[in-house]
Amino acid sequence: MAWAFKVPLARYKPHLSMVLAQIGYTILYFFVEASFNQGLNPHVYVTYRYILAGLLMSPFAYFLERKSRPKMTVAMFLELFLLSLIGVGFTMNMYYASLRYTSPTFVASVFNTVSILTFVVAVILRMEVVNVRSPRGIAKILGTLTSLAGVTIITLYKGPAVHSLSTAPIHMERLPSVHENLVKGSILTIASCTSWALWFIMQAVTLKKYPAQLSLTAWMNCIGGGQSAVFAVFLQHKPKAWSINMFSIRFWTITYSGIVCSGIFIFIQFWCMKEKGPVFVSMFSPLATVMVAISAYFVLGEKLYVGRILGGVLVIIGLYLLLWGKDRDQAYINTQEQPSSHCHGLEGTDKEDLTSGEKEVP
């Protein structure tokens, strides 16, 4: 009886891991919002976060993967340098800078485009194959289009506001300068989402050459933290901006994001990407949007708009349509890999799939 529950649990372990990661990222949104309202510079935050994560992950990576990780070459180091530059130097700095000019709900909403962009790029690069003649291929296309419709509604249509809770347990006061430039914040958000999608694709490519997830996490955090430090020094010369008081909200934000988000969750993300691919990982990002919106409404008393509710529902429907299609893809691949009589000749729909040019890859 106990064995009967092991198979489903193992099968959905990547799904549960990504849901856990999205819950953690939702908590991070409000930590960062509170810290920025108290004057924490976004570029200083990114620098401290990734340096801390790199320092903490390096010993584990060194000892646990000492015999299994590939040899570091000049070419591989340059690839990791580029991966870190896109993922941390560009993506994270633009992303958190945009949060300073907008709000957690807005940034989380626009962030949903990452999953769509990742899917499109993966299809172009033939890392993701879509067969329009099969139900699983149609589900992936419909899922992408439905999510895109939901993101569009969230971004462009507010609609009537749902009455906010007057008894919200937390009231967060924002600095007047935080939302002074919505246009600038929107441009930074869109740019960061584009580079984030490319980052997901590059991670999948690098993982094939360097499959040691702990070491890859440590390398990316250390290199990215160093790159961000150079960038931050050019933009922020005041020593006061680099001063972090112990046990303040800034301290806890950097500690939580460095250890949990850039350490544990990035490692989980690499593992899930190795198991399921970059599109699978990116498609869970819309969950954070719904969680942020609900949390902001119940905890902070922020207004919740009908447009965001409708868009969120469409995004979730699209997410699960695409996940269903990918799950059917995996089942199809497993069927083809099993030694059976159809190895000598395929008939029916399976043969159609192969002859139509659908070369399925994990």
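Give the ranking of K209, K238, K326 by solvent-accessible surface, highest area first, calculated with a 1.4 Å probe.
From most exposed to least exposed: K238, K209, K326.
Assuming R0 = 25 Å, can you tell me the calculated FRET efficiency for the pair R126 and K208, based on Cβ-Cβ distance, to the nearest 0.05?
0.95
I want to check the label-to-label distance for I187 and Y320. Put each point 7 Å from Cα in the C-beta direction and report it in nm to one decimal.
With each label point 7 Å from Cα toward Cβ, the separation is 4.0 nm.
Could you compute the FRET efficiency for V74 and K158, with r as their C-beta to C-beta distance and R0 at 51 Å, rounded to 0.05?
E(calc), rounded to 0.05, equals 0.50.
Residue-wise, which Karplus ³J(HN,Hα) couplings in Hz belong to the range 205-219, taking 6.51 cos²θ - 1.76 cosθ + 1.60, θ = phi - 60°, and x for glycine or proline?
5, 5, 4, 5, 8, 9, x, 8, 5, 5, 5, 5, 4, 5, 4
Leaving out ligands, DNA and RNA but keeping every protein chain, what accessible area does M57 have, in Å² rounded to the nearest 10, with a 1.4 Å probe?
My reading of the accessible area for M57 is about 20 Å².
Quick query: amide H of V162 versus all other amide H atoms, modeled in the peptide plane; which residues come in under 5 Å with a sequence gap of 5 or more or a different chain?
HN-HN under 5 Å from V162: L304, Y305, V306.
Rounded to whole Å, give me the distance from the Cα center of the range 252-278 to that of the range 78-157.
Between the Cα centre of the range 252-278 and that of the range 78-157, the gap is 18 Å.
Using only protein heavy atoms and a 1.4 Å probe, report how much of W196 is accessible, in Å² to the nearest 10.
It works out to around 30 Å².
Tally Lys/Arg at +1 and Asp/Glu at -1 over every other residue whose Cβ is under 12 Å from the Cβ of T206; what's the total?
+2
Just to check I understand the Karplus step: with θ = phi - 60° and J = 6.51 cos²θ - 1.76 cosθ + 1.60, what whole-Hz values come out for the range 54-70, glycine and proline as x?
x, 5, 7, 7, 4, x, 5, 5, 5, 7, 7, 10, 4, 9, 10, 6, x
How many Lys pairs in the range 191-296 lie less than 19 angstrom apart by Cα atoms, where the lysines are 8 or more positions apart or on different chains?
Close lysine pairs under the 19 Å cut-off: 4.
Packing-wise, with mean Cβ within 10 Å as the measure, how do 86-95, 117-126 rank, highest first?
Output ranking for 86-95, 117-126: 86-95, 117-126.
The values are calculated or read from the model by the stated rules, or taken from the named source; none is laboratory data. Source: prediction; values computed, not measured. When we count neighbours, we look across all protein chains shown, and the Cβ atoms used for this are built from the backbone with ideal geometry, even at glycine. For accessibility, only protein heavy atoms count, side chains too; no ligands or nucleic acids. Shrake-Rupley method; radii C 1.70, N 1.55, O 1.52, S 1.80 Å.
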